[in-house]
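Okay, structure first, notes after.
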Amino acid sequence: MSRGLIGDLGDAGQRAADGLAQMANRLAGTTLRLGVTGLRRSGKTVFITSVLNNLLLAGRLPLLEAVSGGRLRAARLEPQPDPAVPRFDYEGHLAQLMAPHPGWPQATRAVSEIRIALRFTPRAWLRRQLTSTATLTLDIVDYPGEWLLDLPMLGQDYAAWSRTMLDLAAGPGRAPLSRAFLEDVDTLDPAGPADESTARRLADRYTAYLRDCRASRVGLSLLQPGRFLEPGELEGAPVLTFAPLPPRAAAGPGSLQALMAQRFEAYKDKVVRRFYREHFARLDRQVVLVDVLSALNAGAPGLADLERALAATLESFRHGSGGWLGWLGGASIDRVLFAATKADHVAAAQHAHLAALLESFLAGPIGAIRFSGAELRTLALASVKATDTVLADWQGQPLPSVQGIPLGRDRPVVVFPGEVPASHHEIGADAAGRFNFTDFRPPPGLGRDGRGLPNIRLDKALEFLVGDRLA
Ligand SMILES: Nc1nc2c(ncn2[C@@H]2O[C@H](COP(=O)(O)OP(=O)(O)O)[C@@H](O)[C@H]2O)c(=O)[nH]1
Ligand SMILES: [Mg+2]
């Protein structure tokens, strides 16, 4: 017998043992960690609230097979596993949506988590013989997409990062916002002596520029480092006191550039890698929520920026030798859903275009990096449906329109929001002002029937994200 064959038998034996262990685990119940991310106001809080509400009530989820098949027996919230992480305030957010004068939940900023246990009857005959009910413990982790956008920094050194950031700052859409910072950089010698007040001033100007980008009408989103905008407990710390500088070969130890590079490395280590270890590396599944319609409203620069932000996000789900995650190790995310949120802002007939548009943004980066890694899917959803699609008569033409109460108003109106392009290649530089999608309020009486918050395709999202673990 050759050594190879012994080796093969050994592997097969090991695999069988692993398989049995896995089976035993699954019978006893499994835990799945689902990350929910997206940039500010992309819809994370509303998504998690509606997912929990519909699972707890086995409600409006006809395309989640465990629900339509009547196999979801019971669901309840349980204490979360990480006592130091804030709990997702499900009850508070739901109360706001169901109030007599309903409103959207308050904006949230940091990471939070919540655990829901789902008891179900297994679908497979063999498994049913072994156990009549199984439990899936689902941990949902809400974290800002801005933090995810920092992950690619781990694959860059200070010089490479600086070049990328300075090019971006000088590009279209951003140049008017970065002027004060770039002028300051122009008058400095990176090879000159390090000095704290200069470092502080540069960091302040760079932060002001990032803030202006975020506040700008065009809705810029690729903003690094993310913690400059959401510092939390790190406000004023040296790890946040740096900025990109044009690389100078002559800059030696003790130079301003050396100080900045040191702090850039500290940021990677203390902030980015820590987030990676404590949160990201522990996730099994991920949903990335994208507010595509707001990006359309913002016009061409906002759309170009969205594409860059999506490309950076995608990097995080790439496995194997090509991706920088390979050497970090431990990433276990095997399914990622990119979901265009607030689909109820447009008529049902436009939803396919909305999903195709999001896919077209991802197609470029996927081709460019020859993506291999987690399984990807895109769809358009509304976590809470605030409108109805109606056929309105516009000068004798029936046009699919939406009816709902616009934000800041009290009465329902019918609006024709226009067509969503099916690809971003169909959007010219003249996009500014072409799109004007309206924001709506949650309608009164939401969820009163006890059948779960009305939504669009939340079930399809869940089938992809957790359906296989409910089988
Ligand atoms: N019509 C509609 N609006 C939504 C939906 N989800 C989110 N929104 C809007 O988007 C805003 C931000 O949502 P939120 O969940 O707080 O975003 P987060 O910052 O990612 O947690 C809300 O205040 C709503 O105005 C939805 O499913 N339908
Ligand atoms: Mg939130």
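The values are calculated or read from the model by the stated rules, or taken from the named source; none is laboratory data. As the structure is a computational prediction, the values presented were derived from the model and not from experiment. All Cβ positions, even for glycine, are placed from backbone atoms using ideal geometry, and neighbour counts span all protein chains on display.
Being modelled with pLDDT of 95 or more and either charged (D, E, K, R) or part of a loop (DSSP other than H, G, I, E, B) (or both) is the requirement here; does PRO454 meet it? So PRO454 passes the test. Summed over the range 43-68, residues that are at pLDDT 95 or above and within 16 Å of ligand 1 (Cβ to nearest atom) total 14. Within the range 33-52, residues that are near ligand 2 (Cβ under 8 Å from one of its atoms) reach partners that are among the hydroxyl-bearing types (Ser, Thr, Tyr) and in a strand (DSSP E or B) with beta carbons closer than 8 Å, at six or more positions or on different chains, in the pairs LYS44/THR37.
Considering each of LEU462, LEU470 in turn, give the residue that is at pLDDT 95 or above and either β-branched (Val, Ile, Thr) or surrounded by 19 or more Cβ atoms within 10 Å (Cβ to Cβ) (or both).
Sole residue among the options that is at pLDDT 95 or above and either β-branched (Val, Ile, Thr) or surrounded by 19 or more Cβ atoms within 10 Å (Cβ to Cβ) (or both): LEU462.
Considering ARG409, ARG377, the condition of being assigned by TED's automatic domain parsing to the domain that holds LYS342 and out of contact with any His (no Cβ under 8 Å at 6 or more places or on another chain) is satisfied by ARG377 alone. Would you confirm whether any residue within the range 397-406 is part of a loop (DSSP other than H, G, I, E, B) and within 22 Å of the chain's Cα centre (by Cα)? Scanning the range 397-406, I find no residue that is part of a loop (DSSP other than H, G, I, E, B) and within 22 Å of the chain's Cα centre (by Cα), so the answer is no. Considering the range 354-377, the residues that are at pLDDT below 80 and in a helix (DSSP H, G or I) include one that is nearest to LEU465 (Cα to Cα), namely GLY367.
Quick check: anything in the range 379-393 of a type in the set (Gly, Ala, Ser), surrounded by fewer than 20 Cβ atoms within 10 Å (Cβ to Cβ) and assigned to a strand (DSSP E or B)? Yes.
Quick one: which residue in VAL420, VAL466 is under 18 Å from LEU289 (Cβ atoms), within 24 Å of the chain's Cα centre (by Cα), away from ligand 1 (no atom under 14 Å from the Cβ) and not assigned by TED's automatic domain parsing to the domain that holds VAL292?
Numbers: VAL466 fails: not assigned by TED's automatic domain parsing to the domain that holds VAL292.
Residue meeting the stated conditions: VAL420.
Does ALA237 qualify as being farther than 17 Å from PRO152 by Cα, free of Cβ contacts under 8 Å to residues at least 40 places away in the same chain and surrounded by fewer than 17 Cβ atoms within 10 Å (Cβ to Cβ)? Steps first, please.
Details: farther than 17 Å from PRO152 by Cα: yes; free of Cβ contacts under 8 Å to residues at least 40 places away in the same chain: yes; surrounded by fewer than 17 Cβ atoms within 10 Å (Cβ to Cβ): yes.
Yes, satisfied.
Kindly indicate whether ALA95 is within 16 Å of ligand 2 (Cβ to nearest atom), surrounded by fewer than 20 Cβ atoms within 10 Å (Cβ to Cβ) and in contact (Cβ under 8 Å) with a residue 40 or more places away in the chain. No.
For the range 128-135, state whether one or more residues are surrounded by 19 or more Cβ atoms within 10 Å (Cβ to Cβ) and under 27 Å from THR313 (Cα atoms). Within the range 128-135, not a single residue is surrounded by 19 or more Cβ atoms within 10 Å (Cβ to Cβ) and under 27 Å from THR313 (Cα atoms). Apart from one condition, TRP147 fits all of (1) away from ligand 1 (no atom under 16 Å from the Cβ); (2) crowded, with 21+ Cβ neighbours inside 10 Å; the exception is (1).
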